[in-house]
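A quick write-up on the structure given underneath.
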Amino acid sequence: MGNIRLENVKKAFGDAIVIPDLDLEIENGEFVVFVGPSGCGKSTLLRLIAGLEDVTGGKIWINGRDATGEAPASRGLAMVFQTYALYPHMSVYKNIAFPLKMAGMDKKAIDDKVRGAAETLNLTDFLHRRPGQLSGGQRQRVAIGRAIVREPKAFLFDEPLSNLDAALRVAMRLEISELHHQLKTTMIYVTHDQVEAMTMADKIVVLRAGIIEQVGSPLDLYRSPRNRFVAGFIGSPKMNFVEGDKAAKRDAYAIGIRPEHMTLSTDDGQWPGTVRVSEHLGSDTFLHVDVEGAGMMTVRSDGDVPIDHGVRVFLTPDEAKLHRFDADGKAL
Ligand SMILES: Nc1ncnc2c1ncn2[C@@H]1O[C@H](COP(=O)(O)OP(=O)(O)OP(=O)(O)O)[C@@H](O)[C@H]1O
Ligand SMILES: [Mg+2]
C-alpha cells in the first residue's frame, strides 16, 4: 500500500517561497511523474515527501496516517537519486544488503532478498563486483536494488537516468516501467525528459514555480492542455503558437498547433513560408519554417522529404487539432 496525499503543503527557504500551497493525491500503485522547468520545486517536493526536508506548512499523509513530522526512516519510502551514492569499497551484494543489515535482519532473510532483487534487475552475475567495476546503468540498477529490498510503500526517483548515455537511458526506462508492472508499488519520478514522462507515467504533474499547472494522464495533457504553459511544455518538438490575425480569425488571442498536426506542401496551403532549417532524423524530418505573418514554426514531415534550407513551402493546420487560448493563456 502506498497512498500519498499532500494537503496545503508549503515550503519556504528563508524568505524564498518555493511551494506556496500545494494539494496532490497519489493513489496506491500509481506511477506519477513530476515535470516542470528547472527550479520549479520538483526535487523539493520529492524531498518533502521523503522527509529529507520539513514542510513550512500543511500535511503529508501516507496510507491515511499523518506522516508530516516523521523521520525519513519511519516513512517507509525509498529514494533513488541521479548520483547512485553506492559504497565504493563494498561489493554489489553488500551494497544491496546494507539497509537490511542496518535494520538487523538475519543473514538468511537478507540473502533471499538480495538474490531476489538481483534476479529482478539482472544483477546476479555482478554481485561480487564493486561499483567501480560496473557501467553507469548497472550502478543505477544496484541503487534501485538497494531500494527494492526495503519493500518500500513507494519509490521516489529524482532524475535517476540523467547521468546515463542516450541508449542506456532508453534501456533503463523500459526496465523501470517493467519493474513497476512487476512490483505494482507506487512510484514518483522526477524527470526533464519528455519521452520518459509521456511513456512511463500513469499521471503527470506539471509544475511551475511550485504551483501545479495541471495533473492528468499523458494523453490528457497532450490533447487537452489547460493553458499555454502546459501546451508548450508537454510535447516534443514544442507546440507552435501564433498570435495576431491568424488567431483573431478563430476568435482567440493565440492559437497553438503541434508540429505533427500540420501538413506540408510545396504547391499550395494556408500558411506560406520559407524553410530556414531542416533536420533530417531518418524517421522524421523537422522543418523550421519562417511563416509569413507568424514567425518561426516547426512542422513534422516524413523521414524522406527532400526539402532543404531556402525552399518556399505551405503549411496547413489540421483544424480539429488547433488549440485556442485567451490573452491570459487559458485554453478556450
Ligand atoms: N536548501 C535550499 N536552500 C535554499 N533554496 C533552495 C534549497 N533547495 C532548493 N532551493 C531553491 O528552491 C527552488 C526549487 O528547487 P528544486 O531543487 O526543488 O528545483 P527542481 O525543480 O528540482 O529543479 P531542477 O530541475 O533544476 O532539478 C530553487 O529556486 C532552489 O534554488
Ligand atoms: Mg531537481
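The values are calculated or read from the model by the stated rules, or taken from the named source; none is laboratory data. Remember, it's a predicted structure, so these values are computed and weren't measured experimentally. We place every Cβ from the backbone using ideal geometry, glycine too, and count neighbours over all the protein chains shown. Calculation scope for accessible area: heavy atoms of the full protein, side chains included, ligands and nucleic acids excluded. Shrake-Rupley method; radii C 1.70, N 1.55, O 1.52, S 1.80 Å.
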**Item:** Accessible area (Å², per residue) of the chain, counting only protein heavy atoms and a probe of 1.4 Å
**Value:** 47 Å²
**Prompt:** By what distance, in whole Å, do the Cα atoms of the range 234-332 stretch along each of the three principal axes, largest value first?
**Reply:** 38, 26, 20
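Run lengths n ≥ 4 of DSSP H only: what is the helix-derived mean residue ellipticity at 222 nm for the chain, with -39500 (n - 2.57) per run over all residues, to the nearest 500?
Rounded to the nearest 500, the figure is -8000 deg cm²/dmol.
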**Message:** Once ligands and nucleic acids are excluded and a 1.4 Å probe is used, how much of residue 219 is accessible, expressed in Å² to the nearest 10?
**Reply:** 90 Å²
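Please give the contour-minus-distance gain from residue 108 to residue 54: 0.36 nm per residue of separation, less the Cα-Cα distance, rounded to one decimal in nm.
Working: separation 54, 0.36 × 54 = 19.44 nm, distance 3.68 nm.
Difference between extended and current length: 15.8 nm.
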**Message:** Taking the Cα centre as origin and putting +1 on Lys and Arg beta-carbons and -1 on Asp and Glu beta-carbons, what dipole magnitude results for the chain, to the nearest 20 debye?
**Reply:** 1340 debye
**Fill in**
Expressed as a percent, the accessible surface of the range 4-230 that is carbon or sulfur, using a 1.4 Å probe and the full set of protein chains, is 52 percent
**Request:** For residue 312 paired with residue 115, estimate the spin-label separation in nm (one decimal), with each label point 7 Å from Cα along the Cα-to-Cβ line.
**Result:** 7.5 nm
**Request:** Take the alpha-carbon centre of the range 17-94, take the same for the range 243-263, and report the distance between them in whole Å.
**Result:** 39 Å
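Do the alpha carbons of any pairs in 11/153; 184/321; 10/153; 203/321 sit beyond 30 Å of each other, and which pairs?
Details: 11/153 24 Å; 184/321 35 Å; 10/153 23 Å; 203/321 22 Å.
Violating the 30 Å Cα-Cα cut-off are 184/321.
Need one number: convex hull volume per residue for the chain, Cα atoms only, in Å³.
Details: hull volume 52.8 nm³, N = 332.
Per residue, the Cα convex hull of the chain comes to 159 Å³.
Considering Cα pairs under 8 angstrom that are at least six residues apart, work out the relative contact order of the range 145-292 and quote it in whole percent.
Numbers: 149 pairs, mean separation 16.7, N = 148.
Once divided by the residue count of the range 145-292, the mean separation gives 11 percent.
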**Asked** Expressed in nm to one decimal, what extension gain is obtained for the pair residue 182 and residue 326 from 0.36 nm per residue of sequence separation less their Cα-Cα distance?
**Response** 47.4 nm
**Request:** May I ask for the angle, rounded to the nearest 10°, between helix 92-102 and the longest principal axis of the chain, with both axes built from Cα atoms and the value confined to 0 to 90°?
**Result:** 60 degrees
**Prompt:** Does the range 1-151 come out rounded, prolate or oblate by the C-alpha gyration tensor, with a ≥ b ≥ c the root eigenvalues, rounded set by a/c under 1.5 and, if not, prolate when a/b is larger than b/c and oblate if not?
**Reply:** prolate
**Asked** Based on the mean of other beta carbon atoms within 10 Å per residue, what is the order of 152-159, 289-296, most packed first?
**Response** 152-159, 289-296
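Report the local net charge at residue 321: Lys and Arg +1, Asp and Glu -1, summed over other residues whose C-beta lies under 14 Å from its C-beta.
Values: positive: 223, 250, 258, 300, 324; negative: 260, 318, 319.
Charge balance near residue 321 sits at +2.
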